[in-house]
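What follows is a short report on a single structure.
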Amino acid sequence: MFNSRIIGMGHYVPDNIVTNDDLSKIMDTSDAWIQERTGVKERRWAEPNTGNTTSTMGLKAAKIAIKNSGLKKEEIDFIIFATLSPDYFFPGPGVMIQNMLGMDTVGALDVRAQCSGFIYGISVADQFIKTGMYKNILVIGSEYHSCAIDKTTRGRTISVIFGDGAGAAVLSRETNNKKGILSTHLHSEGEYAKELSLLAPGFGTRWVNDIVKDNDPDDESYFPYMNGRLVFKNAVVRFEEVINEGLIKNKLNKEDIDLLVPHQANLRISQFIQRKLSLSDDKVYNNIMRYGNTTAASIPIALTEAYNEGKVKSGDLIVLAAFGAGFTWGSAIIRW
Ligand code: UT7
């Protein structure tokens, strides 16, 4: 059995910065409310007709990750793409990456685990690499939320939180079994599927604007719905639980954590977990202030930034953890 290790990362966010004050001009909200309840100061919302979609943003992040890995695209054996906002209902964006990168006919798998999508993705990649089936796998998390949220006061609970962006990582075979991904832990609880969901049947994000135009303006079913308080309450419990599950599995303690990179759901959630684990500020990486919640893209964007800032060093114990729609949640324990 082999281990897998992240050997290259990259991220891309659209140029268009939308501040809280910008939002307060189009809906009944305020910078003070958003910062106090979520920690978000600004987010990126891709402007229409700039060519940014979930797959094209994923492509930009993937190209940087491949370059940083030192591999040629021909050496990538498999693609995993995590998103809740695919360009189309089907096919998923994984095959678009295969085509846009001009890769050989490698397999492409789409992961639909929302905020936990990147952790599910690297877990799947890890299993393929462990067994020796594949050597190098590209894992992407990307979201184009801004084209499919209700930007009026009616949708403010959701629209102030979410942002667009993409992150990617190349995982590769590691022969030292004390390095790389030590374990991953995945969970779900479909009983809560409706609590954070978009249940309108059969469309991808590209179609939402047309659907909105042609539909009853009072029909909210084509926008995401979130029972914020219930999601929050479950998130804080599951985050802590799944991080501890990973630590116990590897006979590690919370004191061993060098850096926790939580899914950027809400700064208050990150701070709650930080307190529960008694971690100092330098041991938890947050960037929700700048990007909002980018769902499947949030961990790879944050991990790439943390790495670029020198906060992820060889030998460090890095913990990734996520919770979100499904509900799904998961963690990854990594010896860098
Ligand atoms: O990444 C996937 C997982 N997602 C999450 O983890 C999100 C978890 N949930 C949350 O982060 C929080 O529940 C929210 C940030 C979504 C909401 O914060 P909250 O403290 O739970 O607020 P609330 O929904 O209980 O609303 C409190 C008040 C309400 O007004 P009343 O009824 O007290 O008069 C809302 O109508 O705040 C109002 N409100 C807003 N006011 C200004 C809700 N959204 C806004 C807004 N601006 N954007």
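Observations on the structure shown:
- Checking the stated criteria, Thr50 turns out to be surrounded by fewer than 16 Cβ atoms within 10 Å (Cβ to Cβ) and closer than 18 Å to Gly163 by Cβ.
- The listed residue being in the same structural domain as Asp256 (by TED's automatic domain parsing) and over 30 Å from Lys313 (Cβ atoms), out of Gly190, Gly155: Gly190
- Figure legend. Inter-residue proximity from segment 226-238: first residues more than 14 Å from His263 (Cα to Cα) and outside any helix (DSSP H, G or I), second residues near the ligand (Cβ under 8 Å from one of its atoms) and not β-branched (Val, Ile, Thr), beta-carbon distance below 6 Å, spacing 6+ or different chains. Indicated pairs: Met226/Leu196.
- Residue identified as within 17 Å of the chain's Cα centre (by Cα) and either more than 15 Å from Ala322 (Cα to Cα) or modelled with pLDDT of 95 or more (or both) among Leu279, Leu252, Leu267: Leu267
- Close pairs from segment 159-187: first farther than 10 Å from Arg5 by Cα, partner open to solvent by 10 Å² or more (accessible area, probe 1.4 Å) and among the basic types (Lys, Arg), Cβ under 7 Å, at least 6 apart: Ser159/Lys151; Gly163/Arg44; Asp164/Arg44; Gly165/Arg44; Ala166/Lys60; Lys178/Arg335; Ser183/Lys249
- Those residues of segment 54-101 which are among the charged types (D, E, K, R) and at pLDDT 95 or above, in sequence order: Lys60, Lys63, Lys67, Lys72, Lys73, Glu74, Glu75, Asp77
- Of all residues in segment 71-83, those satisfying the criterion of being open to solvent by less than 60 Å² (accessible area, probe 1.4 Å) and either closer than 15 Å to Met9 by Cα or not acidic (Asp, Glu) (or both) are Leu71, Ile76, Phe78, Ile79, Ile80, Phe81, Ala82, Thr83.
- When we screen Ala148, Ala168, Ala193 for residues that are hydrophobic (A, V, I, L, M, F, W, C), more than 30 Å from Glu74 (Cβ to Cβ) and surrounded by 15 or more Cβ atoms within 10 Å (Cβ to Cβ), the only hit is Ala148.
The values are calculated or read from the model by the stated rules, or taken from the named source; none is laboratory data. None of the values given here were measured: they were computed from a predicted structure. We place every Cβ from the backbone using ideal geometry, glycine too, and count neighbours over all the protein chains shown. Ligands, DNA and RNA are stripped out before the accessible areas are found, and what is left, the full protein with its side chains, is counted by its heavy atoms. Shrake-Rupley method; radii C 1.70, N 1.55, O 1.52, S 1.80 Å.
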